[in-house]
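Engineer: Here it is, the structure in full.
Please treat every number below as a calculation from the coordinates, not as lab data. All figures in this text were calculated on a predicted structure; none of them were measured in a lab. We place every Cβ from the backbone using ideal geometry, glycine too, and count neighbours over all the protein chains shown.
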Amino acid sequence: MRTVLTTRLKLREFRQSDWKAVQGYASDPEVVRYMDWGPNTEKDSQDFIKKSIACKRERPRRNFALAVVLRRDGTLIGGCGIYLTDSANQEGYIGYVFNRNFWGLGYATETARALVEFGFHELNLHRIISWCDAENLASARVMGKIGMTQEAYFRQNKWIKGKWRNTLLFAILEDDNIKFES
């Protein structure tokens with residue numbers, strides 16, 4: 001896979017040496033409070049890196065877990081991915097997570113936009129979906145900014161960290177007239 005560049009970011013394959021930076025955000029209870037995983041142990045983060053690296057060998061490749069790094073200095077600030085869920089219908093989903101020190105700076109929007117463009121232009125997807133916890137308003141805003149439409153509100157459909165959670169489902173189609181908000 002080629003590296004995906006944005007104005008400020010580089011989305012690249014994970015490397016074995018990235019596990020400590022991943023641990024920096026994946027072990028933070030505030031970062032993972034809406035996730036169905038975490039907080040991670042060191043072993044969890046190391047296993048995630050191994051699994052992400054192993055995905056490169058898939059043929060055809062269906063999982064693209066990527067490190068998000070700053071172009072200016074190479075600092076790893078988060079992770080993202082695009083995953084093919086239904087080849088016959090050319091559908092995939094995107095996700096992202098960031099170190100809390102980099103929240104509120106537009107990096108999630110920049111990353112999600114790049115994933116959508118990669119999905120449509122490089123993977124030839126027709127439909128890209130994403131979801132978030134209904135209380136995760138920041139993530140829902142990101143999806144709206146990149147042109148995704150909320151298609152569903154699932155009530156108590158996920159058992160996460162000891163309680164039932166609601167989920168918002170968003171989608172964008174390749175032929176949607178995408179007008180990105182700033």
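Engineer: Can you give the calculated 222 nm mean residue ellipticity of the chain, where each DSSP H run of n ≥ 4 adds -39,500 (n - 2.57) and the sum is split over every residue, rounded to the nearest 500 deg cm²/dmol?
Structural biologist: Result for the chain, helices only: -7500 deg cm²/dmol.
Engineer: Can you find, among Thr167, Leu84, Gly38, the residue sitting farthest towards the positive end of the charge dipole of the chain, where Lys and Arg contribute +1 and Asp and Glu -1 at Cβ?
Structural biologist: Gly38
Engineer: Another question, then. Quick check on the exposure proxy: order Glu110, Glu135 from fewest to most C-beta atoms within 10 angstrom.
Structural biologist: So the ranking, lowest neighbour count to highest, is Glu135, Glu110.
Engineer: Translational diffusion coefficient, Stokes-Einstein: compute it for the chain using the Kirkwood radius over C-alpha pairs as Rh, at 25 °C and 0.890 mPa s, and state it as an integer in µm² s⁻¹.
Structural biologist: 147
Engineer: Can you tell me the order of 69-79, 159-169 when each peptide is scored by its average per-residue count of other Cβ atoms within 10 angstrom, highest first?
Structural biologist: 69-79, 159-169
Engineer: Right, here's the next one. Using a simple charge model, +1 on the beta-carbon of Lys and Arg, -1 on the beta-carbon of Asp and Glu, nothing else, what dipole does segment 4-126 show about its Cα centre, in debye to the nearest 20?
Structural biologist: Roughly 420 debye for segment 4-126.
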